[in-house]
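Engineer: Take this structure, written in structure tokens, and hold onto it; I'll ask about it next.
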Amino acid sequence: MTEGYEYVPHPLLRRRVRDVASGIEGELMAVINEDVSATLHPHWIELAYIRGPSGREFSTAVDNIEPAELHPSQRT
């Protein structure tokens, strides 16, 4: 039996990103190719897992993430 997921390398891992769908920023913790099908026919999608400001992680489509720019007060 095969697993229903696999980790995918991504250049923004462990960096601050923004979910363009919700506008929430956080740290990209993982990108996972997941079988989200509830049937015998697999349906694989890449999901980005982001740890938001509350400390909770949420997922979004990997195409929805972009690097988050630092606010002027956070720049060195």
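The values are calculated or read from the model by the stated rules, or taken from the named source; none is laboratory data. All values reported here derive from a predicted model rather than from experimental measurement. Cβ placement follows ideal geometry from the backbone for every residue including glycine, while neighbour counts extend to all protein chains displayed. These area figures cover heavy atoms from the full protein model, side chains too; ligands, DNA and RNA do not enter into them. Shrake-Rupley method; radii C 1.70, N 1.55, O 1.52, S 1.80 Å.
Engineer: Does Glu6 meet the test of being open to solvent by 60 Å² or more (accessible area, probe 1.4 Å), in contact with a strand residue (DSSP E or B) (Cβ under 6 Å, 6 or more places away or on another chain) and not in a loop (DSSP other than H, G, I, E, B)?
Structural biologist: Taking the combined requirement at face value, the residue satisfies it.
Engineer: Scan segment 58-70 and give yes if some residue there is of a type in the set (D, E, K, R) and at pLDDT 95 or above, otherwise no.
Structural biologist: Checked against the condition, which is being of a type in the set (D, E, K, R) and at pLDDT 95 or above, segment 58-70 yields at least one hit.
Engineer: Also: Tally up the residues in segment 11-54 that are open to solvent by 50 Å² or more (accessible area, probe 1.4 Å) and either assigned to a loop (DSSP other than H, G, I, E, B) or of a type in the set (Phe, Trp, Tyr) (or both), please.
Structural biologist: Qualifying residue count, segment 11-54: 19.
Engineer: If you take the residues of segment 1-35 that are polar (S, T, N, Q) and either touching a residue at least 12 places away in the same chain (Cβ under 8 Å) or touching a Gly at 6+ places or on another chain (Cβ under 7 Å) (or both), which of them is nearest to Glu57 (Cα to Cα)?
Structural biologist: Ranking the qualifying residues of segment 1-35, first place goes to Ser22.
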